[in-house]
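Engineer: Submitted below is the structure of interest, expressed as structure tokens.
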Amino acid sequence: MVEAWYMDDSSEDQRTPHRLEPNKSVSLKELEKLGVSYWKLDADNYKTDPKLAKIREERGYSYEDIIAIHKDTLPNYEEKLKIFYTEHLHTDDEIRYILDGSGYFDVRAKDEKWIRIAMEKGDMITLPAGIYHRFTLDQNIHIVDFDDENKIINKNVLLHQVGEIWHISASPADKSVLTTCYSKTSDNKVITCAAMWRMPKESESGNHESPDDSSSNPQALELLCHLDNTAHGNIACSATLEGKGQLKLTSGRWSPHHNCTQVVTANDTAIRGWDIRSMRQIYCIENAHGQLVRDLDFNPNKQYYLASCGDDCKVKFWDVRNINEPVKSLEEHSHWVWSVRYNNSHDQLVLTGSSDSRVILSNMVSISSEPFGHLVDEDELSDQEDNHQDKRKEPLQDSIIATYEEHEDSVYAVEWSSADPWLFASLSYDGRLVINRVPRALKYQILL
């Protein structure tokens with residue numbers, strides 16, 4: 001259900017909630033008095049939705065135009081957001097239907113005060129002719145809790161009030177702590193920042209609200225420190241890339257091995273390994289991919305093995321002791337590969353997500369920590385079991401386990417569950433989150 005409230009007059013970023021203290025909410029009846037109408041519709045089937053068709057027929061709405069407000073698709077993204085946020089009016093009704101994502105529509109009340117309307121997927125409003133209004137995006141984090149028994153996804157919304165998030169990462173040691181990399185506008189310039197946050201206790205696993213109430217009363221994160229401000233800490237070490245042109249890091253990953261003293265980074269088509277004790281480069285894979293390297297991940301059980309993916313549509317597996325050529329290479333995707341992840345418990349299982357809208361689960365058993373399958377101590381085997389074990393001395397074959405095509409847009413991220421090794425999630429450009437399981441037959445093959 002849509003939520004609305006009177007706005008404060010602070011000069012904070014337009015994408016923050018701007019609630020009064022205490023909050024002064026606005027009901028649907030109050031919005032109707034201003035001429036604002038609201039419906040909750042089926043956004044996934046908007047082309048064939050009979051409820052939408054009836055509204056269009058009754059109100060004479062015949063024209064439609066779809067715009068994707070995203071930094072990757074909208075030219076002059078920041079400038080366009082400023083234009084959308086400039087108050088204006090129309091001589092005809094204005095209809096706004098959110099097919100995906102979320103944002104804020106602001107309307108002027110009769111007392112000239114601004115009312116903010118928070119809208120998400122499936123919400124549709126109409127604004128009457130002559131009412132001043134404006135639009136902007138929001139900045140929310142969705143904490144997702146998957147109920148495996150009932151196959152229900154619950155979520156809780158947290159407010160990220162400082163800027164637009166580009167990357168988010170949870171602490172492996174404290175489930176309530178997370179970090180974000182984000183951009184914000186300052187003096188008409190876009191700057192990048194990073195910060196560490198603590199979630200409210202109500203947002204921890206098991207405390208999430210039901211799907212129907214997920215957008216009600218979103219809570220704010222507690223700022224622990226700004227990671228880009230040396231006043232809050234000391235820089236432990238740093239290094240500078242040297243080369244022609246403007247070199248930028250596109251990805252990075254801590255190694256879980258070597259007492260966590262090694263980091264791998266990607267810039268353009270190269271992959272570089274660093275020892276943070278000396279901040280010296282310990283290896284460099286030039287032209288690791290034919291185009292931009294998008295993501296990296298270490299094998300959790302084999303300390304020298306590394307996976308990479310990129311815009312050449314390939315996934316490559318490396319032994320960093322021998323960087324002349326990859327150990328294995330996969331070419332199953334037909335467009336850029338954005339994400340690659342090893343399973344933390346069973347390193348033969350590898351996930352990849354791509355702009356071809358597919359998620360691929362691969363069984364890379366030949367380069368895993370158990371290339372012959374699950375081995376048992378021979379002293380504990382009977383003669384019959386010994387004979388059976390001898391038949392399995394040949395390495396198992398690599399294979400594509402499954403291809404998942406539930407997404408309709410580019411898959412930007414894939415992740416394994418930290419609690420259940422057989423559960424994984426994928427997220428696509430259109431905001432769709434899909435949760436899947438490793439096929440039962442393969443699970444038992446690995447375990448038994």
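The values are calculated or read from the model by the stated rules, or taken from the named source; none is laboratory data. Bear in mind the structure is a predicted one, so any value in this text is a computation, not a measurement. Cβ placement follows ideal geometry from the backbone for every residue including glycine, while neighbour counts extend to all protein chains displayed. Heavy atoms of the whole protein, side chains included, go into the accessibility calculation; ligands, DNA and RNA do not. Shrake-Rupley method; radii C 1.70, N 1.55, O 1.52, S 1.80 Å.
Engineer: How many residues does region 165-184 contain that are in contact with an Asp or Glu (Cβ under 9 Å, 6 or more places away or on another chain) and at pLDDT below 80?
Structural biologist: Here the count works out to 2.
Engineer: Quick check, is LYS155 within 24 Å of GLU3 (Cα to Cα), at pLDDT below 80, under 29 Å from the mean Cα position of the chain (by Cα) and charged (D, E, K, R)?
Structural biologist: So LYS155 fits the description; yes.
Engineer: Can you confirm whether region 142-156 contains a residue that is part of a strand (DSSP E or B), open to solvent by less than 30 Å² (accessible area, probe 1.4 Å) and aromatic (Phe, Trp, Tyr)?
Structural biologist: Within region 142-156 (the criterion being part of a strand (DSSP E or B), open to solvent by less than 30 Å² (accessible area, probe 1.4 Å) and aromatic (Phe, Trp, Tyr)), the answer is no, since none of the residues qualifies.
Engineer: GLN161 is checked against (1) part of a loop (DSSP other than H, G, I, E, B); (2) modelled with pLDDT under 70 and fails just one. What number does that condition carry?
Structural biologist: Going through (1) part of a loop (DSSP other than H, G, I, E, B); (2) modelled with pLDDT under 70 one by one, GLN161 breaks only (2).
Engineer: Could you tell me whether VAL293 is touching a helix residue (DSSP H, G or I) at 6+ places or on another chain (Cβ under 7 Å) and of a type in the set (A, V, I, L, M)?
Structural biologist: So VAL293 does not fit the description; no.
Engineer: Can you confirm whether LEU351 is in contact (Cβ under 8 Å) with a residue 60 or more places away in the chain, surrounded by 21 or more Cβ atoms within 10 Å (Cβ to Cβ) and either among the hydroxyl-bearing types (Ser, Thr, Tyr) or in a strand (DSSP E or B) (or both)?
Structural biologist: Against the criterion (in contact (Cβ under 8 Å) with a residue 60 or more places away in the chain, surrounded by 21 or more Cβ atoms within 10 Å (Cβ to Cβ) and either among the hydroxyl-bearing types (Ser, Thr, Tyr) or in a strand (DSSP E or B) (or both)), LEU351 qualifies.
Engineer: Go over the candidates LEU292, LEU330, LEU249 one by one and state the one that is within 25 Å of GLY353 (Cβ to Cβ), without any contact (Cβ under 8 Å) to a residue 40 or more places away in the chain and under 21 Å from the mean Cα position of the chain (by Cα).
Structural biologist: Answer to the check: LEU249.
Engineer: Restricting attention to region 398-448, which residues are more than 20 Å from HIS142 (Cα to Cα), aromatic (Phe, Trp, Tyr) and modelled with pLDDT under 90?
Structural biologist: Of everything in region 398-448, just one residue is more than 20 Å from HIS142 (Cα to Cα), aromatic (Phe, Trp, Tyr) and modelled with pLDDT under 90, namely TYR444.
Engineer: It is to be established whether one or more residues within region 113-123 are buried (at least 19 other Cβ atoms within 10 Å of the Cβ), acidic (Asp, Glu) and either closer than 28 Å to LEU178 by Cα or within 21 Å of the chain's Cα centre (by Cα) (or both).
Structural biologist: Yes, some residue in region 113-123 is buried (at least 19 other Cβ atoms within 10 Å of the Cβ), acidic (Asp, Glu) and either closer than 28 Å to LEU178 by Cα or within 21 Å of the chain's Cα centre (by Cα) (or both).
Engineer: Could you please let me know if GLY243 is of a type in the set (Gly, Ala, Ser) and modelled with pLDDT of 80 or more?
Structural biologist: Here the answer is no, as GLY243 does not meet what is asked.
Engineer: So, of the residues in region 418-431 that are touching a residue at least 60 places away in the same chain (Cβ under 8 Å) and more than 13 Å from GLY353 (Cα to Cα), which turns out to be surrounded by the fewest Cβ atoms within 10 Å (Cβ to Cβ)?
Structural biologist: SER418
Engineer: Something else: From GLU32, GLU87, GLU78, GLU12, which residue is surrounded by fewer than 16 Cβ atoms within 10 Å (Cβ to Cβ), at pLDDT 90 or above and either touching a strand residue (DSSP E or B) at 6+ places or on another chain (Cβ under 6 Å) or closer than 30 Å to LYS189 by Cα (or both)? Write out each step before concluding.
Structural biologist: Details: GLU32 fails: either touching a strand residue (DSSP E or B) at 6+ places or on another chain (Cβ under 6 Å) or closer than 30 Å to LYS189 by Cα (or both); GLU78 fails: at pLDDT 90 or above; GLU12 fails: at pLDDT 90 or above.
It is GLU87.
Engineer: Then there is this: What number of residues in region 35-44 are farther than 13 Å from ARG96 by Cα and modelled with pLDDT of 90 or more?
Structural biologist: Within region 35-44, the subset farther than 13 Å from ARG96 by Cα is 35, 42, 44.
Restricting the remaining residues to those that are modelled with pLDDT of 90 or more gives 35, 42.
Total meeting the criteria: 2.
Engineer: Can you report the number of residues in region 256-289 which are within 22 Å of the chain's Cα centre (by Cα), of a type in the set (S, T, N, Q) and either closer than 20 Å to MET364 by Cα or modelled with pLDDT of 90 or more (or both)?
Structural biologist: Total satisfying the criteria: 1.
Engineer: Something else now. Are any residues in region 46-64 farther than 17 Å from ASP92 by Cβ and surrounded by fewer than 11 Cβ atoms within 10 Å (Cβ to Cβ), and if so, which ones?
Structural biologist: From region 46-64, those farther than 17 Å from ASP92 by Cβ are 46-54, 57; that's our starting set.
Selection gives LYS47, THR48, PRO50, LYS54, GLU57.
Engineer: Something else: Looking only at region 415-448, which residues are more than 30 Å from LEU99 (Cα to Cα) and in contact with a His (Cβ under 8 Å, 6 or more places away or on another chain)?
Structural biologist: Answer for region 415-448, where residues must be more than 30 Å from LEU99 (Cα to Cα) and in contact with a His (Cβ under 8 Å, 6 or more places away or on another chain): PRO421, ILE446, LEU447, LEU448.
Engineer: Which one is modelled with the lowest pLDDT, of the residues in region 65-75 that are farther than 24 Å from TYR132 by Cβ and either small (Gly, Ala, Ser) or open to solvent by less than 50 Å² (accessible area, probe 1.4 Å) (or both)? Outline the logic, then answer.
Structural biologist: So in region 65-75, the residues farther than 24 Å from TYR132 by Cβ come out as 66, 68, 70-73, 75.
With either small (Gly, Ala, Ser) or open to solvent by less than 50 Å² (accessible area, probe 1.4 Å) (or both) added as a condition, the list becomes 68, 70.
Details: ALA68: 80, HIS70: 71.
Here the residue is HIS70.
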